[in-house]
Amino acid sequence: MTPALLLAALPLLAAPSAIPAAPAANLLQEQAQRAQPLESSGGMVAAQEARGAAVGAAILRRGGNAVDAAVATSFALAVTLPQAGNLGGGGFLVLWLPRTGAIRTCPAVARAVSPPQAIAVGRGEAVALNFRETAPARARADLFLNSDGSVNRDLALRSLRSTAVPGSVAGLTQVQARYGCLPLAAVLAPAIALAERGFPVGAELSRSLRAAGPLLRTDPASARQFFKAGGEPYGPGEILRQPQLASSLRCIAAEGAACFYRGRLSRVLVALMARGGGLISAADLAAYRAPWATPLQARFRGHRVLTMPPPSGGGATLLQLLKVLEPLDLAAMGLNSAATVHTMVEAMNLAYRDRIRLLGDPAQVAMPLDWLLSDRHAAQQRQRLRADRHRPAAELEAEPTPLAEGTNTTHLSVVDRDGGLVALTTTLNTAYGNGITVPGAGYLLNNEMDDFTAKPGAPNAYGLRQGAQNAIAPGRRPLSSMTPTLVFGPDDRPWLATGSPGGSRIITTVLQVLLNRLVHGLNLASAVAAPRIHSQLWPDQISTEEGLSPDTLRLLQQRGHRVVLTPAMGSANSVELLPNGRGSLGVADPRRLDAAAVPERP
C-alpha cells in the first residue's frame, strides 16, 4: 500500500470522535484534563523515589543548577532506591544549559570551554555523556554459553561474570566537575547522610526487598545490608541504615572518581572478583572513561528533539519512529484507538528490526546512522505499514535490511531556574543487578553483560533478541534502550525533559509521552499517565497496560495482533518549562508508588 493510500485509509479505522460538550459556564472551575502536573515558580526534580527527588530540589534551593541537582539525586537514589539507583552500574545523560543571557545559578560555568561534542541550541549548549559500562578485557563472545551452545541464564544474570566495568561514578563526577556550580562534597552530602543515618523504608521498597529475598539472601553481604538480623526484610517505616555505603560515598566526595577506579573502592572490588571468579581487574577500572557525545537530533512537529546516540539503541530508534509517524494524522485516529495502536505497533516492529540488526557500540562497530535517520528511510518504513493487517514478525524478519546504496533502571529529569535541563537514566540492568554487594563498600553490582548478545537470536532478560553487532568483546559497551530525551520549542527554547526505566520498553514509553504531549494535546501529567502499549518485533505480540477498551483490543485482534496484558510499564518522570520564565511543571509517573516530583519552591 502506498503512503498516500495509507494516509487515506487509517483514519477510517479510527473510533468516532466524542461529541464536544456544548459551551457552558464552568461553575465548579473544573480542569479540562483529569491529571495535573505539579507547578513550581522555580526549578523542579522528578524522580522515581521521593527522598532522592527532595535531595535534588534542596540542591536547587542552595544555588545549584540542574546538573548539581541531577547528580545529587542520582547519588541519593543509590541509597534510597537500591533496586536501580547505583554506584555499581552505568547510564546516559543529555543536558542543556544556557551560555548567554541572564544566568542566575553560576555564570562562571557558562564561560568555561565546552567539550568539542557540545552543540549550540538557542542561547545555550547541549551535550550527551556516555557512562555506560564496558566489558572487561577478559570477556569473550562465548562467555555465557554452555557446552551444547545454549545460553546459561544464571551465569548471564546472577554471577560475578555478569558484571561489566561500572561507569556511574565516573560519569556523575565528570559532568558535575564540568557543568555543576557547587563543590562535589556538598552535592554528595545528602546521600551520605541518608546512608549513614538511615531513612524510613517506603511501602514500595519494602515490597521490592521481600520479592528480591531469594536473590539477595544468597549473597552474604547483600543479606546483611538489606535484611534485618533475623533475615526479615524491612517493613514500611522501619529505618534502613547503610554505613558501608556511606563510607564509600564519603571517599568519592573527598577523592572523586579516583577513589572508585584507582583507590580503596577499586581494591575491594578487584579482591571480590578474584575470590568469586569475576572478570574485572584493576587495569579495567583504571582504563575506564566516560566519553562526551554529540546528541542525536531531529525535528518533530516543529520541535527539536535531542536524545542519546549509540551505544544507546533507544535514541536512534525513538527518532526513527518519530520520523515515520510524523506525517500520519494520529490525532484524527484518536488517542489509543485501534487505528493509532495498530499504526504505532507496525512502526515499532520495523524500528526494532533495525535496532537488532544494525546498532552497537560506535567505538567498535560501524553503523549507518545517517541513513537510519534519513527522510528516505522513514518514507521506506512508512511504505511498509499496512492499515488493514498486522505484518507478523517472521514476515518482517525474512526481509533483507534495505540499506542505501540490547528491567531495572531509573530515570530522573531536572529543570533549574535558568531553564537548564538534564535527562539522566541509570541502571543495574535487572532489579538489584546480580544481587551481589561488594563487601566493605556497600553497593550492588550490575549484570549488564546480559545486555550483550550472548548468542545471536537468543532473547535477553527482556525478551529482546539481539544481533551480532552487539556481541561481547573486550572494552565494548553493550547496546542499551535507555533514552534520556530533551525537547525544545520551535524557537529552540528549552521545554521538556523525559525518559524512563523499563528495559526494551523504554523507547516506546518515551515515544508515547512525546506523542501524547505533541500530537494528542495532553498536558504533561496526562501524557505520562495515559495507558501504554509496546511491541518489539519478537515476541510477536502487543504488550498493553490495563486501560484500553475491550472494543479496541477486539479490533486489534481482528487485524492479526496477539494482545497480552502486562504489568505497568516504565516510570517516565518528566519536567517542563512554563512559557515566559514563569517556572516549571513536574510529573512523577504514577506507576511507581514512591516516585515524586519536588519543586524548588512553590
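The values are calculated or read from the model by the stated rules, or taken from the named source; none is laboratory data. Please read all numbers here as calculations on a predicted model, not as lab measurements. Cβ placement follows ideal geometry from the backbone for every residue including glycine, while neighbour counts extend to all protein chains displayed. Ligands, DNA and RNA are stripped out before the accessible areas are found, and what is left, the full protein with its side chains, is counted by its heavy atoms. Shrake-Rupley method; radii C 1.70, N 1.55, O 1.52, S 1.80 Å.
Before moving on, here are some points about what is shown:
- With the charge dipole of the chain set up from +1 on Lys and Arg Cβ and -1 on Asp and Glu Cβ about the Cα centre, the Cα lying farthest toward the positive end among the listed residues Ala246, Met348, Thr409 is that of Ala246.
- Ellipticity estimate at 222 nm from DSSP helix runs (n ≥ 4, -39,500 (n - 2.57)) divided over the chain, nearest 500: -10000 deg cm²/dmol
- Count Lys and Arg as plus one, Asp and Glu as minus one, and take only other residues whose Cβ is under 13 Å from that of Gly360; the net charge is then +2.
- Given +1 at the Cβ of Lys and Arg, -1 at the Cβ of Asp and Glu and no other charges, the dipole of the range 237-369 around its Cα centre is 440 debye to the nearest 20.
- Efficiency of FRET from Cβ geometry, Ala254 and Ala137, R₀ 25 Å, rounded to 0.05: 0.30
- ³J(HN,Hα) computed for each position of the range 523-539 - Karplus, 6.51 cos²θ - 1.76 cosθ + 1.60, integer Hz, glycine/proline x: 6, 4, 5, 5, 4, 6, 7, 4, x, 10, 10, 8, 8, 9, 6, 10, x
- Annotation: amide H of Ala298 within the under-5 Å range of Val305, sequence separation 5 or more or interchain, hydrogens built in the peptide plane.
- Amide H contacts under 5 Å for Glu49, placed H, 5+ residues apart: Ala596
- Read-out Cα extents along the principal axes in Å, derived from the coordinates shown; its label in (1) 113, 55, 50; (2) 121, 55, 48; (3) 65, 64, 50: (3)
- Extension gain for Ala223 to Gln383 (0.36 nm times residue separation, less C-alpha to C-alpha distance): 52.2 nm.
- Accessible surface of the chain, 1.4 Å probe, proportion on carbon and sulfur as whole %: 56 percent
- Rounded FRET efficiency, nearest 0.05, which uses the C-beta distance separating Ser41 from Val564 and R0 of 41 Å: 0.40
- Between Asp370 and Glu546, the modelled labels are 5.0 nm apart [label points 7 Å from Cα along Cα→Cβ].
- Ligands, DNA and RNA are left out, and with a 1.4 angstrom probe the accessible area of the chain is 35 Å² per residue.
- The residues packed around Cys181, meaning those with a beta-carbon under 10 Å from its beta-carbon, carry a net charge of -1 if Lys and Arg are +1 and Asp and Glu are -1.
- For the range 33-42, 3J(HN,Hα) computed residue by residue from phi via the Karplus equation (6.51, -1.76, 1.60; θ = phi - 60°) reads 10, 5, 9, 10, x, 6, 10, 9, 7, x Hz, glycine and proline entered as x.
- Of the peptides 304-317, 550-563, 186-199, 342-355, the order by per-residue mean of other Cβ atoms within 10 Å, starting with the highest, comes out as 304-317, 342-355, 186-199, 550-563.
- Per-residue ³J(HN,Hα) for the range 558-575, Karplus 6.51 cos²θ - 1.76 cosθ + 1.60, θ = phi - 60°, Hz, x for Gly and Pro: 5, 8, x, 7, 9, 10, 10, 6, 10, x, 4, 9, x, 7, 7, 5, 9, 9
- Computed extension gain for Glu30 through Arg61, at 0.36 nm per residue and net of the alpha carbon distance, reaches 7.9 nm.
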